[in-house]
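The values are calculated or read from the model by the stated rules, or taken from the named source; none is laboratory data. Quantities reported herein were computed from a predicted structural model and do not represent experimental measurements. Here Cβ is always computed from backbone atoms with ideal geometry, including for glycine, and neighbour counts include all displayed protein chains.
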Amino acid sequence: MKKNVYEKAMRRLETLFNEFDNIYVSFSGGKDSGVMLNLCIQYIRQNNLKRKIGVFHMDYEVQYDETIKYVERTLRKNADILEIYRVCVPFKVTTCTSMYQTYWRPWDDGCKDFWVRDMPKDCYRKTDFPFYTPEMWDSDFYLLFGQWYHSLKKARKTCCLVGIRTQESTHRWRTIYSKRRYNMYRNLRWTRQLSTEICNAYIIHDWLTTDIWTANGRFSWDYNHLYDLFYLAGVSLERQRVASPFLLAAQDSLQLYRAIDPDTWGKMICRVNGINFTAYYGHTSAVAQQGKIVLPPGYTWESYMYFLLSTLPEETRLNYLQKLAVSINFWRRQGGCLPEETIKKLQDNGIEIEVVEHTNYKTDKHPVRMEYLDDFDIAKFKDLPTFKRMCMCILRNDHLCQYMGFAKTRKEIENRKKIMDFYRSIIK
């Protein structure tokens, strides 16, 4: 008999609790991690397990008041079976609200007079973690926490439950279903092996948004009542997300803080550079949201790009120029992989390209070498190297050029690996 997503999730939990002596949940206070934590709590109580699970909550200081209330309510109510690690650390966090500021730090000692709220008394601080450094990003801290927690518990095997769903994004879909996935725990597609003793598990990866709310209703689970306010504000189910308000994905919803949580908003505008502007214009063509971007008369996209670059601080301008140079060189020498219909449309329009026969990537697409275009009218606009895409990155304050498809550079990856290896050795 075919199982529903709830039954599959509980079966996955059974596997994990049998396999791992140390389990913790990454709990943000959002709807997905909330349901995932409730599934674990229900499983432990229904099966009368004589064990606790860890709860890892990265407190980013600037959050909706309802999110804070929900987190505290949930942790307090289930304190008998939870080991709580509420982390308030000034790691670096990406911000896309300013052309001057590429990151900010929650709980920054130098900005204590401007903190949005007081630091929780029962939290873990930077002095509690021997691996912390001021150069550390939140994503680095996330990975190293798992190593630290595994060592702290003297565990045999540790599993972190992460509440991602493939419905949310293509990136999350690839995390589960990519053909290149080889680092699974015991060949379970919904896991990812991080080291010999530590792995991540995504037990609700196949849930839909409607499944989340069905579970909350059917089991009378507590949830973040911020979602009620989102609903009253007219925000669709798919766009109701709890995340750091200064990320690229949150630009077009930053203005909701003013209406939903005005007290927090009044403190936020003094905390991070550029958020008032982003709140006003984050959903408009001023920051190229939702493909809304207008080319001024008399410009090409290339000349407009250089105009935008001329308005930026030198450090920011050089960052974009370096990314652009890397991208141009990549498309000239190695080539990007494009589907056959895109290749045909380029050829039909007389665009000079070179289709390469073989690629090291596992894909049905073909590698294509070509020069940057000014713009090209095609459905899969993000597949092609165009100056228009670069303009969109600049207008969005997308310092990492994620819209251009950039991941970390080789140098950034090497530097990160050195840092991670060094602090793993300290933890051990």
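Restricting region 214-230 to residues that are of a type in the set (Ser, Thr, Tyr) and more than 23 Å from the chain's Cα centre (by Cα) leaves a set whose member that is surrounded by the fewest Cβ atoms within 10 Å (Cβ to Cβ) is Ser220. Could you check, for region 380-388, whether at least one of its residues is modelled with pLDDT of 90 or more, in a helix (DSSP H, G or I) and within 30 Å of the chain's Cα centre (by Cα)? Checked region 380-388: at least one residue is modelled with pLDDT of 90 or more, in a helix (DSSP H, G or I) and within 30 Å of the chain's Cα centre (by Cα).
If the condition is being in contact (Cβ under 8 Å) with a residue 60 or more places away in the chain and either among the acidic types (Asp, Glu) or surrounded by fewer than 18 Cβ atoms within 10 Å (Cβ to Cβ) (or both), then region 82-114 contributes Tyr100, Gln101, Thr102, Cys111, Phe114. Within region 327-371, count every residue that is touching a Ser or Thr at 6+ places or on another chain (Cβ under 7 Å) and within 30 Å of Met99 (Cβ to Cβ). The number of residues fulfilling the criteria is 0. Of the residues making up region 162-175, none is modelled with pLDDT of 95 or more, outside any helix (DSSP H, G or I) and charged (D, E, K, R).
Of all residues in region 256-270, how many are at pLDDT 85 or above and either acidic (Asp, Glu) or part of a loop (DSSP other than H, G, I, E, B) (or both)? Residues meeting the conditions: 2. Is it the case that region 132-150 has a residue that's closer than 30 Å to Met392 by Cα, in contact with a Pro (Cβ under 8 Å, 6 or more places away or on another chain) and part of a strand (DSSP E or B)? Within region 132-150, not a single residue is closer than 30 Å to Met392 by Cα, in contact with a Pro (Cβ under 8 Å, 6 or more places away or on another chain) and part of a strand (DSSP E or B).
From the set of residues in region 37-83 that are among the β-branched types (Val, Ile, Thr) and part of a helix (DSSP H, G or I), which is nearest to the chain's Cα centre (by Cα)? It comes out as Thr67. Quickly run through region 30-54 and pick out the residues that are touching a strand residue (DSSP E or B) at 6+ places or on another chain (Cβ under 9 Å) and among the hydroxyl-bearing types (Ser, Thr, Tyr). The answer is Ser33, and nothing else.
Every listed requirement among (1) among the polar types (S, T, N, Q); (2) at positive phi; (3) modelled with pLDDT under 95 is met by Thr196 save one, (2).
Taking the condition at pLDDT below 95, out of contact with any helix residue (DSSP H, G or I) (no Cβ under 6 Å at 6 or more places or on another chain) and surrounded by fewer than 18 Cβ atoms within 10 Å (Cβ to Cβ), does Pro130 pass? No, not satisfied.
The set of residues from region 82-103 being in contact with a Phe, Trp or Tyr (Cβ under 7 Å, 6 or more places away or on another chain) and modelled with pLDDT under 90 comprises Thr94, Thr95, Cys96, Thr97.
The single condition among (1) within 27 Å of Trp301 (Cα to Cα); (2) out of contact with any Leu (no Cβ under 6 Å at 6 or more places or on another chain); (3) modelled with pLDDT of 80 or more that Gly405 does not satisfy is (3).
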